[in-house]
Every structure is written in C-alpha cells, then in structure tokens.
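What follows is a set of notes on a single structure, which appears directly below.
The values are calculated or read from the model by the stated rules, or taken from the named source; none is laboratory data. Note that this is a predicted model, so its numbers are computed, not measured. For neighbour counting, all protein chains shown are included, and Cβ atoms are generated from backbone atoms with ideal geometry for every residue, glycine included. Side chains included, ligands, DNA and RNA excluded: accessible areas come from the protein's heavy atoms. Shrake-Rupley method; radii C 1.70, N 1.55, O 1.52, S 1.80 Å.
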Amino acid sequence: MGKIKVFLILSLLILVFVVGCGSGSNNSIDELKIGVSAPLTGDLAATGASTKNAVLLAEEEINSSGGIKVNGKMMKVKFIIEDDENKPETTATVFQKLISQDRVLAIIGSQASKCSNAGAPIAESNKIPQITPWSTNPNVTKDRKYVFRACFIDPFQGKAVALFAYNKLGAKKAAVLYDIASDYNKGIAEVFRDEFSNLGGQIVAFETYNTKDTDFSAQLTKIKATNPDVLFLPNYYNEVPLQIQQARKLGIDAQIIGADAWDNPELLKLGGELLEGTYFSNHYAVDIAGDKSKAFIEKYKNKYGEVPDAAAALTYDAAYILFGAIERAQKADPQAIRDAIASTKDFEGVTGTISYNEGSGDPVKGAVIIKIHDGKFIYDSSVKP
Amino acid sequence: MEIIIQQLINAVQLGAVYALIALGYSMVYGIIRLINFAHGDIFMVGAFIGFLLAVKFKLPFVFILLLTMFLTALLGIAIERIAYHKLRNAHRMSLVITALGVGTFLENLVRLAVGPQTRQIPAQLSNNILHLTNGIVVTEDKLLIIGISIMLMIVLWLFVNKTLIGKAMRAVADNIDVVPLMGINVDMIVSVTFAIGSALAAAGGIFFGQSYSIEPYMGIDLGWKAFIAAVVGGIGSIEGAVVGSFILAGIEVFTVAYLSSNLKNGIAFALLIILLVIWPYGIMGKPSLKKV
C-alpha cells in the first residue's frame, strides 16, 4: 500500500519532468527566439506589465511586416517572456532557462538594476547579448562585452537631479532617504550626495531603509530635525507615495524630488494629491514627444488603454535596437548579433537617439525633468548629456 | 528633547501594531503549544478584507473594523479546524510545518485574487496634524490607532482574567489533558483562542493598512517581528507579548534615531539576543507556570 503510493507519486513526478523538458528542447530555427526577463509578479508587477505590453507590441509590428531577413529568408520574431519576480536569484534562474532550454539569441531585461546585475554574468559567460531597458546602475554593463542598455546611467542622472535641485530649486540643504538593499537606489543616492556637495550644497541627512520596510517615521523624524530645503527620494514608485505621506504627516514641508523609478501610473494612483508639485528625472516626457514617440504612444494607448511609462518606451527601443542588429548581422547567431548591437549608430528611438561607443554598453542620452501637476506628468526641462 | 518624544510616538505606534499580532502568537502557543507561523498571513488577510470593505463597500470605519475582525476570526477558527485539529496530538514539528503551509497558501491565494501590487487602505480617519508643543506633531489617526490598540489589549486582559471562558482558557493552557475531566470543552476553548488571536491580528492589519501599505507578502516579515517580540516578552504570556512588542519597536526606532538606519535590524536583533540570554524564558515568561 505505502510502496504503491510512493511508486505512483514518483512516476507522476518523472512524467511531469519528461513532458516539461520535452516541450522546451524544441529547437526549430524557423523563428527568431528572444528571451525577456521581467518582473511580472512581485513589488514591481506594474513595470512587468509595461515590459510585456511593449515587447508584444513590437513583436506584432515586426511580424505583420513580414519579420526580419536572415540568411536570405524572412523569419518571424518570437519573444519568450519569463517572470523574474523582481528578485535577483529568480532572475539568474530565468536567464539560465532562457539560454540553455529555450536557446534564445538574445535577452531583453531585466528592469530593476539589482536583477539585471544578477542576470548579466550568465549572459556574459554564455556569450548571449543582453539589453536592459531600464537598469540605470553603472555596474550592470561595467567590464561586460555582451551587456547593453537602452537608458542613461545614474552618474549622469544623479548629477542632473543635483544640478536641478541646486540651481533651479535654489536648494542649499538636501536630505536623502533611500533603500540600501537595492543597487539602483543606493547608486543614485550616492551620486546625488557627491554631486550636490560638489556644487556647494550641504547634505544634512543621508538615511536608509530596507526593501519592504513600510515605517519610515524614525528616519523622517531625524530628517525633519535637520530642516532640509529638498528631500530626495530615489526609490521605486510603489514605495515613494508612502514615504511622502509619512513625511508630510510628520510636518516636513521640504520640496520633494525623485528619479526615473517614479515613472509609473501606479505612483499617481497611490499618491494622489500628495505628489502635486514634486519633480523627478526621467527618460522621456509624453507631452513633448516627437513624431516617432507620438506614433508609439498612440499605438500603445490604442492597444492597452494607458499611456506608456518610461520602462515601456525603453523596452520598445531595446526591441528595435535588437531587430536592427539582427537585420544588419543577417545571421541568427548571438556573436554576430552582439557585434551588430555594439555598432549601432544614431538609432532613432522613442526615448531619443542611441549610439554605442565601442567598448561600452551605455548609450549617451539626455534626460528630462518632469513636474507632477494636476495629477499628470508635465515636462519641465531637459538636461543634455 | 522634542525629537526624543517624537521618536517615542513613532515607536508606540509601531509597537501597538506588533503587539496586536504578537498577542495571537502568544495565546495560541499558550493553549496548544503551536508556533502558528500562518499568523502573520492571517494578519495580511485581515488587512485585505479591510481594504475590500473600504474600497468596494465604502463602509464607515467602525463597521470596517468590527466586520473585518469578525470575518478574520472565522478564518482563524476555520484554519484551526481544517488544518490543525487532527494534528493536535501529532508531533509538534508536523504542526509547525502545516502552519508554514497554510501561510504560503494564504499568501498565494491573496496574490491570485487581488494581484501583487502595493496598496493602501483609503484614509477613514482624519489626517489632521496636531501640533502638540514646539516641534512635536502627531496626526489624529495616529492617536486613534494607538488608543484603540491599547483599549483592545485591556479588553483582552479583562476577558482572560475576569471571565469564566477566560478562566477555562487559563486552565487549558495549564494542562490540556486534565481539563476535559472538569467538563471543559477543549475544542471550544481552542476555537475561541484562534478567533480572538485572528481578530486582534485583523485589527492590526487595518491599522497597518491605514498608516503604511499592504501587499500579499507583508505578513512574512511582520509575522517574524511579532513572533520575536512574543518570544522576548515570554511566549504564552499576554503581558509579555505587549511588553516585547514595545521593546522591539523602541529598539528599532531609537537605533535609527541615534545610531544608524543601516544597522537597524542588526542592532535590534543583537539586543534581543542579549535580552534572551538574561531571561531565557522571555521577560514575562516563567518556566512552567500558567500560560495563556
């Protein structure tokens, strides 16, 4: 009785395993498989949804125009989208699976820097090109030949925010509250601290918390006592509204500013009126879009019923950088595609013009400063690289 | 000085939420010697029930609080009946593993039902800022939350110490094998304990969702914190759970205030280990006296 049960369970497990593997090793080369690692669930699920929307839109467009010409033959593009839960350890598993089981030609993702950073060594050692749309931390591409990004990097962004705070807002004293357990938050907070001090400003408080903390009152009470002119919150959109709320409840009336991780409709849903009059740096502004951006925003809105956030726009750009590279490589070969990406020059994307200088996976791009006004993201100013 | 008082208010608010969760841990352990690791997730479910009542039905705050406490109490009773009842005489480890399973089940159920996004229970209480004296501010909702929490703890203490059912609970905690001989219905007492523990956790969930934010995995970290608070206070002891919670919150807040926010958890837990070395059974716990 007991033995039969054990035997049945074991056979079932083996069956599941065999069937599971069988479907994965289907190694057909009649389509161009590209992996996508995105936070479909977890704390950045809204960014995961934007990522998925953007790649599916790009896939639909390229395939309806016949696909990409490879080896003299038109081939369709197929995105394989996996959930990395916004966790570095899961991202590593996803990269491994996409490369060894799905045998993808390239990977788009992930979005948070801590995750892209966990996937990058795997892409690098397997010589599979990776383009991260939204990861701005410099370490992601550093000393790596196969890792690229579609966005600017934090040393530039942090400087842009510091300049804005010091020159345009006239702030002399700044306080920072950031998540020390996340690469992105920590990186940009430190750049801002150094740049703001270099300009002659004073960092009066530099406080940290850990991912998933929800009570910031102790740190904010400490910040309040230093009476800052600006409070910089370089954190993700799911946490920022709570931080602003607690700051205001404690009577902090400093001007609040942030960075590109603010850009998601969730921010406005959670924060509401509290966000009025705050500023953040971003990759593009919907309201000053050029022709290329307008077309994208229009198509995205028609298909999904909402305005694309920066993560969606950058993912779309990453997809087209890759399409262009495959077309120029004319081969379904990761090495050739990598070389073609590296030689990308003056690519006209939704978020600006992208060129890679040989030896670097970081494009040189400008940033914009956005103001939140009447519950909308309004363009305020541009920052040139 | 103002800053110390301001930080003290922060600590009391955080401690009140920890205490509402820690009480359930402590009571359940007192009665059936089970470390109910699903308790943090019951707290989370309570917060989401409150969220749904506030968003979908737009009930007034008092009704949200009472209805959520009632529904979550039913959930607590159901979990005990379905998952723990048959294992009551099994090895303790089987019960703990079952509790972990129930917790994981609840997290994923809620994630499937409402999605993984962070939300906040819309403000039901007034957010007016009161300026007490120079520099010290407190919002009205904060005061109310602290007040209701402390009131709930007093009611619980009176219930356990002054009523007949409370007496029966203490008897069951004392010796679960002998009390049936006295005509006490053990199953009923265990259900009452789960109901009270879950209802208090639900109240904590609502306060937490008003002041901070909620998501399906919030119960894991907070459950751990409350569990540790209960152990430091002396698991099984009601007073101990409350004392342990305020101590933990105080250490956390003052570490951030006067040492460094980087060290918050490190220092908080190092201090708690020291407390346990001094009082191995917790501050209020005694080796083998009555426990509820």
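Some observations on this one:
- In segment B:88-95 there is no residue that is over 30 Å from B:ILE176 (Cα atoms) and either touching a Leu at 6+ places or on another chain (Cβ under 7 Å) or open to solvent by 40 Å² or more (accessible area, probe 1.4 Å) (or both).
- Here A:ASP253 passes the criteria (1) touching a strand residue (DSSP E or B) at 6+ places or on another chain (Cβ under 9 Å); (2) open to solvent by 40 Å² or more (accessible area, probe 1.4 Å); (3) within 14 Å of chain B (Cβ to nearest Cβ); (4) among the charged types (D, E, K, R) except the one numbered (1).
- When residues of segment A:184-225 are limited to those that are among the polar types (S, T, N, Q), assigned to a helix (DSSP H, G or I) and open to solvent by 40 Å² or more (accessible area, probe 1.4 Å), the one nearest to B:LYS142 (Cα to Cα): A:SER197
- Test result for B:LEU100, open to solvent by 10 Å² or more (accessible area, probe 1.4 Å) and either modelled with pLDDT under 90 or of a type outside the set (Lys, Arg) (or both): yes
- Single residue of segment A:53-89 satisfying the filter (open to solvent by 30 Å² or more (accessible area, probe 1.4 Å) and within 14 Å of another protein chain (Cβ to nearest Cβ)) that is nearest to A:PHE296 (Cα to Cα): A:ASP83
- Restricting segment A:256-303 to residues that are within 14 Å of chain B (Cβ to nearest Cβ) and among the acidic types (Asp, Glu) leaves a set whose member that is least open to solvent (accessible area, probe 1.4 Å) is A:GLU266.
- Scanning segment A:217-242 for residues that are under 19 Å from A:ASN185 (Cβ atoms) and more than 10 Å from chain B (Cβ to nearest Cβ) yields A:ILE223, A:PRO228, A:VAL230, A:LEU231, A:PHE232, A:LEU233, A:PRO234, A:ASN235, A:VAL240.
- B:GLY205 vs. criteria within 13 Å of chain A (Cβ to nearest Cβ), at pLDDT 90 or above and at negative phi: yes
- Selected residue (only one of A:ALA312, A:ALA332, A:ALA319 is at pLDDT below 95, assigned by TED's automatic domain parsing to the domain that holds A:SER135 and either open to solvent by 10 Å² or more (accessible area, probe 1.4 Å) or not charged (D, E, K, R) (or both)): A:ALA332
- Subset of segment B:138-164 (residues that are open to solvent by less than 10 Å² (accessible area, probe 1.4 Å) and touching a Lys or Arg at 6+ places or on another chain (Cβ under 8 Å)): B:THR139, B:VAL160
- Checked against (1) out of contact with any helix residue (DSSP H, G or I) (no Cβ under 9 Å at 6 or more places or on another chain); (2) modelled with pLDDT under 85, B:MET93 passes all but a single condition, namely (2).
- Number of positions in segment B:137-165 that are within 14 Å of another protein chain (Cβ to nearest Cβ) and of a type in the set (A, V, I, L, M, F, W, C): 6
Residue-wise test of (1) without any contact (Cβ under 8 Å) to a residue 60 or more places away in the chain; (2) in the same structural domain as A:TYR236 (by TED's automatic domain parsing).
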| residue | (1), (2) |
| --- | --- |
| A:PRO129 | no, no |
| A:ALA160 | no, yes |
| A:GLY170 | yes, yes |
| A:PHE192 | yes, yes |
| A:SER197 | yes, yes |
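- Condition check for B:ILE267: open to solvent by less than 50 Å² (accessible area, probe 1.4 Å), over 18 Å from B:VAL12 (Cβ atoms), within 14 Å of chain A (Cβ to nearest Cβ) and in a helix (DSSP H, G or I): yes
- Within segment B:153-197, considering residues that are of a type in the set (Val, Ile, Thr) and not in a helix (DSSP H, G or I), the one farthest from B:ALA73 (Cα to Cα): B:VAL178
- Every listed requirement among (1) crowded, with 21+ Cβ neighbours inside 10 Å; (2) under 13 Å from B:GLY205 (Cα atoms) is met by B:LEU66 save one, (1).
Yes or no, residue by residue, for (1) over 21 Å from the mean Cα position of the chain (by Cα); (2) within 13 Å of chain A (Cβ to nearest Cβ); (3) surrounded by fewer than 24 Cβ atoms within 10 Å (Cβ to Cβ); (4) under 24 Å from B:PHE246 (Cβ atoms):
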position: B:ILE5; (1), (2), (3), (4): yes, yes, yes, yes
position: B:LEU14; (1), (2), (3), (4): no, yes, no, yes
position: B:VAL17; (1), (2), (3), (4): no, yes, no, yes
position: B:GLY24; (1), (2), (3), (4): no, no, no, yes
position: B:VAL28; (1), (2), (3), (4): no, no, no, yes
position: B:GLY46; (1), (2), (3), (4): no, no, no, yes
position: B:ALA78; (1), (2), (3), (4): no, no, yes, no
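- For segment A:354-377, residues that are open to solvent by 60 Å² or more (accessible area, probe 1.4 Å) and assigned to a strand (DSSP E or B) total 3.
For (1) more than 14 Å from chain A (Cβ to nearest Cβ); (2) within 14 Å of B:LEU34 (Cβ to Cβ); (3) among the hydroxyl-bearing types (Ser, Thr, Tyr), each residue gets a yes or a no:
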{"residue": "B:ASN89", "(1), (2), (3)": "yes, yes, no"}
{"residue": "B:VAL102", "(1), (2), (3)": "yes, yes, no"}
{"residue": "B:ASN108", "(1), (2), (3)": "no, no, no"}
{"residue": "B:ARG111", "(1), (2), (3)": "no, no, no"}
{"residue": "B:ARG119", "(1), (2), (3)": "no, no, no"}
{"residue": "B:HIS131", "(1), (2), (3)": "no, no, no"}
{"residue": "B:ALA173", "(1), (2), (3)": "yes, yes, no"}
{"residue": "B:ILE184", "(1), (2), (3)": "yes, no, no"}
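- The condition of being surrounded by fewer than 24 Cβ atoms within 10 Å (Cβ to Cβ), in a helix (DSSP H, G or I) and either of a type in the set (A, V, I, L, M) or under 21 Å from the mean Cα position of the chain (by Cα) (or both) holds for only one of B:LEU200, B:LEU272, B:LEU248, that being B:LEU272.
- Flag for B:GLY197 being modelled with pLDDT of 90 or more and closer than 18 Å to B:ASN36 by Cα: yes
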